[in-house]
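One structure is given here, and the rest of the page talks about it.
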Amino acid sequence: MRTSEDWHRRDLSHFRRTTGADLFDVHEHFADWLSTARPGGYHLYEAAAHSAPSTSIRMSAHGDALINLASYNYLGLSVRPEVRAAAARALETYGLGAAGSPHLSGLLAVHEELAEAIAAFKAVESVLLFPTGYSANVGTISALVGPGDVVITDILAHASILDGCAMSGATTRLFRHNDCESLEKKLAGTTGRVLVVVEGVYSMDGDVAPLDDIAALCRRYGARLMVDEAHSAFVFGEHGRGVVEHFGVEDQVDIHLGTLSKSLGGMGGYVGGTRQLIDYLRPYSRSQVFSCALAPAVVGGLVEAVRIARDEPQLRAKLWANVHTMREALVSRGVDVGDSASQVIPIMVRDDVGIFPITEELMAEGVFLNPVRYPAVKRNQSRFRVSVSAAHHPDELVRSAEIIATVLARHGVIA
Ligand SMILES: Cc1ncc(COP(=O)(O)O)c(C=O)c1O
């Protein structure tokens, strides 16, 4: 006899690749499980906010605003008045949607303006825009490699990288996270054409790839190198050009990929590189050719967001000061923040069921964080993932660190 407590014996992985006679048989089992999993904690996912994802956020229509540590708005740009005004101007000029693929009727002058602004910012010859960062990875990888080729990527690579590898039909090999010895073994044991794909900053741990060593290995073994800077472009490096700038390896990286949804606060993805590379990708990256071009209002806002990221280096200085404040506030209270070296700071809980009541208590005490658990991370590696923003006030960060430490201690996660 199952009880309502049994939901946590199963997770999302149990409802894939089922064997029922009808394809839809599994839906009933899933609905049954969800009916107990939701009250058990899953209601915390896909909870709609009632305000902008700024440094504070309202999770109900009339409730108090919570300190928001969960949104990717690393430079606070999504709510900047200049960005909103630029988005409104583009909406007025172009209307709501682009109404076509960028390959056909959907390309607008404002898309070209944005691609040029990003290319100038990243100091690459040319840039191609995608509807999302996810589709940038899928479209780029599947355009560049195919059956008979090999992609070597980090075992913690983002789902969009893995999905791009799967779609390409190339052989995919995984190396141990950020481990150059493991990467070298894979490179040494591979013949033929090889693409290595890594991230600048890893999204669940906030740690940084050793790009100088990775780039050197790729050169030694004649492999092409692609870096996904979803979490590091516009924030890392003196000029914000990312982890490639931080390590001084910009011209040793063949493919510079990123998203417009995190540091720039909009949506969309981009890939940058030589003009020849981008001209080749333009007709062959199917996720871009066979999708509507980005909405003009978002693109107009993003042009302004790139300008601000370029003209206000003090935003990056503020971000790193805030990261230091938050890390110190957490570590000095005994909170385990893993190997983070960025604005993404994991708070290790390691309790896949206990993380739900902890999340609810944090919200009751004024802090908004999302529980991250399997399958986003390994089992028993559950965590919160703090996203520090330049827009946070240091007092908000210290206050939320106090609340986090108090709640974690109450649940025995820290002493
Ligand atoms: C490393 C990495 N690449 C790509 C993406 C996808 O970006 P987007 O959300 O803009 O589709 C993410 C999003 O979390 C990411 O972390």
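The values are calculated or read from the model by the stated rules, or taken from the named source; none is laboratory data. None of these values were measured; they are calculated from a predicted model. Positions of Cβ are backbone-derived with ideal geometry, glycine not excepted, and every protein chain shown enters the neighbour counts. Calculation scope for accessible area: heavy atoms of the full protein, side chains included, ligands and nucleic acids excluded. Shrake-Rupley method; radii C 1.70, N 1.55, O 1.52, S 1.80 Å.
Out of Ile141, Ile214, Ile155, which single residue is aliphatic (A, V, I, L, M), more than 10 Å from the ligand (Cβ to nearest atom) and open to solvent by 20 Å² or more (accessible area, probe 1.4 Å)?
None of the other options fit; the residue is Ile155.
Take the residues of the stretch 158-177 that are open to solvent by less than 70 Å² (accessible area, probe 1.4 Å) and more than 15 Å from the ligand (Cβ to nearest atom): which is farthest from Ser285 (Cα to Cα)?
The residue in question is Phe175.
What about Arg58, is it open to solvent by 30 Å² or more (accessible area, probe 1.4 Å) and in contact with a helix residue (DSSP H, G or I) (Cβ under 7 Å, 6 or more places away or on another chain)?
The answer is no for Arg58.
Out of Gly258, Gly237, Gly266, report the one residue that is surrounded by 15 or more Cβ atoms within 10 Å (Cβ to Cβ), of a type outside the set (Ser, Thr, Tyr) and part of a strand (DSSP E or B).
On inspection, the qualifying residue turns out to be Gly258.
Considering every residue within the stretch 220-234, establish whether at least one is among the aliphatic types (A, V, I, L, M) and in a helix (DSSP H, G or I).
Within the stretch 220-234, not a single residue is among the aliphatic types (A, V, I, L, M) and in a helix (DSSP H, G or I).
Quick one: in the stretch 356-375, which of the residues that are part of a helix (DSSP H, G or I) and touching a residue at least 60 places away in the same chain (Cβ under 8 Å) is most open to solvent (accessible area, probe 1.4 Å)?
Result: Glu360.
Of everything in the stretch 269-288 that's in contact with a Ser or Thr (Cβ under 6 Å, 6 or more places away or on another chain) and within 11 Å of the ligand (Cβ to nearest atom), which residue is least open to solvent (accessible area, probe 1.4 Å)?
Gly269
Just to check your reading of the model, which residue among Leu315, Leu264 is within 15 Å of the ligand (Cβ to nearest atom) and farther than 15 Å from Ile141 by Cβ?
Leu264
Scan (1) out of contact with any His (no Cβ under 8 Å at 6 or more places or on another chain); (2) part of a helix (DSSP H, G or I); (3) not charged (D, E, K, R) for the single condition Val244 breaks and write down its number.
Here Val244 meets the rest and fails (1).
Within the stretch 32-54, is even one residue hydroxyl-bearing (Ser, Thr, Tyr), surrounded by 13 or more Cβ atoms within 10 Å (Cβ to Cβ) and outside any helix (DSSP H, G or I)?
Among the residues of the stretch 32-54, at least one is hydroxyl-bearing (Ser, Thr, Tyr), surrounded by 13 or more Cβ atoms within 10 Å (Cβ to Cβ) and outside any helix (DSSP H, G or I), which makes the answer yes.
Got at least one residue in the stretch 300-314 being out of contact with any helix residue (DSSP H, G or I) (no Cβ under 6 Å at 6 or more places or on another chain), open to solvent by 20 Å² or more (accessible area, probe 1.4 Å), assigned to a helix (DSSP H, G or I) and hydrophobic (A, V, I, L, M, F, W, C)?
no
Tally the residues that are open to solvent by 60 Å² or more (accessible area, probe 1.4 Å), touching a Ser or Thr at 6+ places or on another chain (Cβ under 6 Å) and either within 14 Å of Val298 (Cα to Cα) or within 16 Å of the ligand (Cβ to nearest atom) (or both), restricting the search to the stretch 76-134.
Counting residues in the stretch 76-134 that are open to solvent by 60 Å² or more (accessible area, probe 1.4 Å), touching a Ser or Thr at 6+ places or on another chain (Cβ under 6 Å) and either within 14 Å of Val298 (Cα to Cα) or within 16 Å of the ligand (Cβ to nearest atom) (or both) gives 1.
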